[in-house]
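The structure under discussion appears below in the form of structure tokens.
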Amino acid sequence: MASKNYAAPEEGWSQAKQRSYALWYDQHKCAKFPQGRPWWSVVERPAEGAAMPMPVGELQPQGWDAPWLPDATYINKSIGKASPGATMSEHKFRIDYAAMITDRKQALREYYDRAVLEAIGQGWQAPNYGDPIPFRLRAIIGTPPQSPKIPEAAMAEDPWLLGFSTTENETLARLLQHGREDVETAVQSEAKMDKVAALEATVAALLARDEAREKAEAEKAEAAKARMAKARAGRKTSNATAG
């Protein structure tokens with residue numbers, strides 16, 4: 001069998017030289033990002049006559065941060081192609097939240113179907129769709145899939161989720177950390193404890209103020225009684241001397 005001769009690459013060729021950078025903008029706009037949130041990526045320089053390249057690896061936020069980023073799958077499905085030889089060129093794309101919502105809802109339905117079947121098989125009470133899954137059942141069927149409420153909130157332009165605001169959406173924060181709306185995050189729990197402590201300190205200060213006022217009023221009343229008693233005693237002495 002004839003062997004194919006190895007052809008060495010041209011002098012000076014390197015993979016790094018075949019790559020460039022591109023800048024992409026999603027559909028979420030605000031005062032800071034009027035074109036949309038910027039993302040950057042590496043792109044391969046296309047060979048002569050070849051199709052324009054797609055990003056190499058995942059897109060990364062450029063100059064911003066958010067508590068949640070969508071799965072790369074729902075970005076890559078909708079992204080366009082960079083221009084040949086582009087360096088930080090500008091391109092648009094839309095995150096496919098509709099597909100993400102559909103996929104997550106389907107995963108949740110399948111998860112709860114398994115939960116019902118397993119619960120019945122174990123002789124336990126079957127959960128209703130959306131109910132918290134007991135630990136003993138979770139130990140068998142695993143952790144629930146991610147909530148579709150997250151991409152729904154992103155589609156609805158929740159400012160905290162998109163990184164446009166630092167004011168936390170507590171419900172979304174719980175879903176992101178625990179996958180449940182009824183379980184507080186550590187930060188939320190600490191903040192709640194701080195509020196309770198502050199309220200207790202305020203109540204204690206008010207009670208101390210009232211006690212001090214009552215004590216002062218009692219001392220004032222006692223002093224008034226003492227003055228009146230002294231005055232009456234003085235009048236009796238005067239009357240006795242005059243008699």
Can you work out which of the residues in segment 1-36 that are polar (S, T, N, Q) and modelled with pLDDT of 85 or more is nearest to F93 (Cα to Cα)? Q27
Checked segment 134-173 for anything under 15 Å from the mean Cα position of the chain (by Cα), of a type in the set (S, T, N, Q) and closer than 30 Å to E118 by Cα; matches are Q146, S147, T171
The residue from P134, P145, P127 that alone is outside the structural domain of A31 (by TED's automatic domain parsing), in contact with a Lys or Arg (Cβ under 8 Å, 6 or more places away or on another chain) and over 30 Å from K32 (Cα atoms) is P145
Just to verify a result, which residue in segment 131-141, among those that are free of Cβ contacts under 8 Å to residues at least 12 places away in the same chain and part of a loop (DSSP other than H, G, I, E, B), is nearest to T73 (Cα to Cα)? D131
Which of the residues that make up segment 119-135 are surrounded by fewer than 17 Cβ atoms within 10 Å (Cβ to Cβ) and of a type outside the set (G, A, S)? I120, Q122, W124, Q125, P127, N128, Y129, D131, P132, P134, F135
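The values are calculated or read from the model by the stated rules, or taken from the named source; none is laboratory data. None of these values were measured; they are calculated from a predicted model. All Cβ positions, even for glycine, are placed from backbone atoms using ideal geometry, and neighbour counts span all protein chains on display.
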